[in-house]
Amino acid sequence: MTRAIIVLAVGLVCGISAPLLAAAADCSRPAPLLLRVRFAEETPREVLLESTVSHGLRLLDPATGSELWSAGAGAGNTQQIAGMDAAFGTSLTAVHLDADGLHDRLYAGDRAGRLWRFDLHAGARPSAWMHATLLADLGAPGGGRGFIAAPDITRIGTADARTWLNIAIGTANTTGTSRADHRFYVLRDALDAAVPAAPLTEADLEPLLPPLGLANGNAHGYYLQLGTAQVLARALTLDGRIHFTVVENGHNLLAGCAIGTLPTTVVQMSVSVLRAVDGAVAAVGN
């Protein structure tokens with residue numbers, strides 16, 4: 001059965017094909033993510049999803065700004081989610097998997113380097129509307145490496161009828177001043193409701209050796225080592241190729257911005273292109 005996928009995301013947008021020098025760093029507050037949901041017996045409605053300043057998520061009424069729902073580790077939330085103790089910032093993507101006009105999933109990366117999947121249950125009460133699963137724990141030992149960019153979600157199908165959702169996301173310095181060893185990850189998630197029994201770690205993924213792709217056809221995904229280069233912008237998958245930009249700067253660019261804001265310009269960037277199905281290096285325009 002063919003399934004339609006509509007992806008919405010919030011994040012920085014950077015589109016360049018060669019290293020570029022830009023203006024001095026600036027900071028801005030991220031825009032919320034527009035969702036279409038339905039609670040209990042209510043009619044479908046549009047709401048705004050945003051991450052809280054410290055950690056957690058909340059839905060707001062677009063007209064009044066009043067809070068409709070929240071999730072976090074604290075007991076005061078509509079849904080209390082154990083382990084949700086790091087901020088998400090702009091690293092949020094909503095996915096629509098069927099034709100009912102409502103969003104079905106959220107994917108989110110937090111500042112601690114963890115990737116979450118949230119299944120949204122249309123028609124449920126707010127207290128049971130979202131089911132949270134920690135898909136992967138990919139933070140660096142000792143901290144310092146997390147997610148700022150929103151994940152790029154793309155449906156992948158192969159000639160042998162295998163299908164999955166490709167989750168492409170890169171890391172950046174999120175705490176401290178140390179220069180972490182960064183990655184660009186591509187994980188595979190099932191289209192059905194199944195989730196891993198335990199969070200994936202880097203040991204479950206296959207490291208790429210450019211320009212070659214996967215050597216063993218890893219079922220969980222792969223990663224590319226970036227050194228001190230960071231990913232601040234959402235990747236874009238076009239015609240089976242993942243395009244992503246990296247910031248050639250090892251410093252913590254968040255350190256110069258107030259809590260809840262993000263850098264909007266950087267100093268030097270470059271673009272990379274990988275073949276989505278196996279991670280092999282692909283030429284731009286080919």
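The values are calculated or read from the model by the stated rules, or taken from the named source; none is laboratory data. None of the values given here were measured: they were computed from a predicted structure. Glycine gets a Cβ as well: all are built from the backbone with ideal geometry, and neighbour counts include every protein chain shown. Just so you know, the surface numbers come from the protein's heavy atoms only, side chains and all, with ligands and any DNA or RNA stripped out. Shrake-Rupley method; radii C 1.70, N 1.55, O 1.52, S 1.80 Å.
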What translational diffusion coefficient, to the nearest whole µm²/s, does the stretch 68-174 have by Stokes-Einstein, given a Kirkwood radius computed over alpha-carbon pairs, a temperature of 20 °C and 1.002 mPa s viscosity? 143
Along the stretch 212-218, Karplus-curve 3J(HN,Hα) (6.51, -1.76, 1.60; θ = phi - 60°) to the nearest Hz, with x for Gly and Pro, reads 6, x, 4, 8, 10, x, 3
If eta is 0.890 mPa s and T is 25 °C, what Stokes-Einstein diffusion coefficient results for the chain, Kirkwood Rh from Cα pairs, in µm²/s? 127
With every protein chain left in place, what is the accessible area per residue of the chain in square angstrom, probe 1.4 Å? 45
Between Arg179 and Leu68, how high is the FRET efficiency from 1/(1 + (r/R0)^6) when r is the Cβ-Cβ distance and R₀ = 41 Å? Nearest 0.05. 0.50
Given R₀ = 22 Å, what would the calculated FRET efficiency be for Ala40 paired with Thr133, taking r from the Cβ atoms and rounding to 0.05? 0.45
Once you have the Cα-Cα distance between His121 and Ser28, take 0.36 nm times their residue separation minus that, and quote the gain in nm to one decimal. 30.2 nm
Quantify, in whole percent, the carbon and sulfur part of the accessible surface of the chain (1.4 Å probe; protein heavy atoms only). 55
Kindly rank 124-135, 82-93 from highest to lowest mean number of other beta carbons found within 10 Å of each residue. 82-93, 124-135
Can you send over the solvent-accessible area of Thr154, 1.4 Å probe, protein chains only, in Å² to the nearest 10? 30
